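Derivation of every value follows stated rules applied to the coordinates shown; laboratory data play no part. Please read these numbers as outputs of a predicted model, since none were measured by experiment. Don't worry about glycine lacking a Cβ; one is built from the backbone with ideal geometry, like all the others, and counts go over all protein chains shown.
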Amino acid sequence: MQKYRDRQEAGERLAEKLAAFKGQKDAVVLGLPRGGVPVAARVAKALGAPLGVFVVRKLGVPGNEEYAMGAIASGGVRLMNKDVVRSLGITDEQIKQVVEREERKLRQREEAYRGECPQPELQGKLVILVDDGIATGATVRVAIKALREYRPRQVVVAVPVAPPETCQDLSREVDKVVCPLQPSRLRAISLWYEDFSATTDDEVRRILAEVGSP
């Protein structure tokens, strides 16, 4: 499988797989910040759709923050992976501390983007939710759950890379999953990019200003 040069190329290759949605007037592309926004920008440009962001925060396992035990999203939506919590013996107090910390960061992120990207109108819309890749799926699942509260007409999850079993699971929760690379052994999303440099808040704001928001 050919890896991506960077998030911009990933967005272009992803947009090719989403060509059927080009020109649909009710389409809205939402990037999961921060890494999903550069990918979503290329998709939005190719499809002629407005670009927005949807803020979600991963709840990392104490001592191993990259491993998700759940996630939170705007509107107070929370999703926990009970199997992870139980198998690692994570206490209620530990969960509370992580949730409080990530809720603060979520509010800060929302405030940082609010000027350039007000909450888009999603009711009755075709929402294409984009990230730069999916590992456990916790973040995108809570995003899907939160999006459903806005009553969109259709939800499509589009990512450059994810395990096939994750794509299959997500396909039961949304109308369509689009994912060009589905390695049986993902290991880490970064391995599928030559350049996986961190995306900054300033970059997100710049992209939103250039591409435009709903």
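Among P180, P38, P160, determine the one that fluctuates most according to a GNM of the chain built with springs between C-alpha atoms less than 10 Å apart.
P180
Ranking request for peptides 121-128, 78-85: highest mean number of other beta-carbon atoms within 10 Å first, then the rest in descending order.
121-128, 78-85
Can you tell me the relative contact order of segment 106-202? Whole percent, Cα pairs under 8 Å, sequence separation 6 or more.
On the way: 115 pairs, mean separation 25.7, N = 97.
About 27 percent, as a whole number.
Can you tell me, using C-alpha contacts under 8 Å and at least 6 residues apart, the relative contact order of segment 58-112 as a whole percent?
Relative contact order of segment 58-112: 30 percent.
By the gyration tensor of its Cα atoms, with a ≥ b ≥ c the square roots of the eigenvalues, what is the shape of segment 102-214: rounded for a/c under 1.5, prolate for a/b over b/c, or oblate?
The shape class here is oblate.
Please check: in the Gaussian network model of the chain (C-alpha springs, under 10 Å), which one of A188, A27, A41 has the largest mean-square fluctuation.
Top of the fluctuation ranking is A188.
Mind pulling the angle between the C-alpha long axis of helix 92-114 and the longest principal axis of the chain? Nearest 10 degrees, somewhere in 0 to 90.
The two axes meet at around 30 degrees.
Once you order the gyration tensor axes a ≥ b ≥ c over the Cα atoms, which shape class does segment 1-113 get: rounded for a/c under 1.5, otherwise prolate or oblate by comparing a/b with b/c?
Details: a/c = 2.68, a/b = 1.92, b/c = 1.40.
Judged from the Cα gyration tensor, segment 1-113 comes out prolate (a/c at least 1.5, a/b above b/c).
If R₀ is 45 angstrom, what is the calculated FRET efficiency for the pair Q123 and S190, using the beta carbon separation as r and rounding to 0.05?
0.80
Helix 138-148 versus the longest principal axis of the chain: what angle, 0 to 90°, nearest 10, using Cα atoms?
The angle comes out near 60 degrees.
Which of the trypsin sites (Lys or Arg not before Pro) across segment 141-190 are loop residues per DSSP, with 12 or fewer other Cβ within 10 Å?
Answer by residue number: R172, R185, R187.
Name the shape class, rounded, prolate or oblate, that the alpha-carbon gyration tensor gives for segment 58-112, where a ≥ b ≥ c are the square roots of its eigenvalues, rounded holds for a/c under 1.5, and otherwise prolate holds if a/b is larger than b/c and oblate otherwise.
prolate
So, counting K/R as plus one and D/E as minus one, what does the shell of residues with Cβ under 10 Å around A15 add up to?
Once positives and negatives cancel, what remains is +3.
Rounded to the nearest 10 degrees, what's the angle between the helix 201-211 long axis and the longest principal axis of the chain, both from Cα atoms, 0 to 90?
Long axis of 201-211 versus the principal axis of the chain: about 20 degrees.
I need the fraction of alpha carbon pairs in the chain separated by more than 27 Å, rounded to a whole percent. Each step should come with its number before you reach the end.
Numbers: 6012 of 22791 pairs.
When all Cα pairs of the chain are counted, 26 percent exceed 27 Å.
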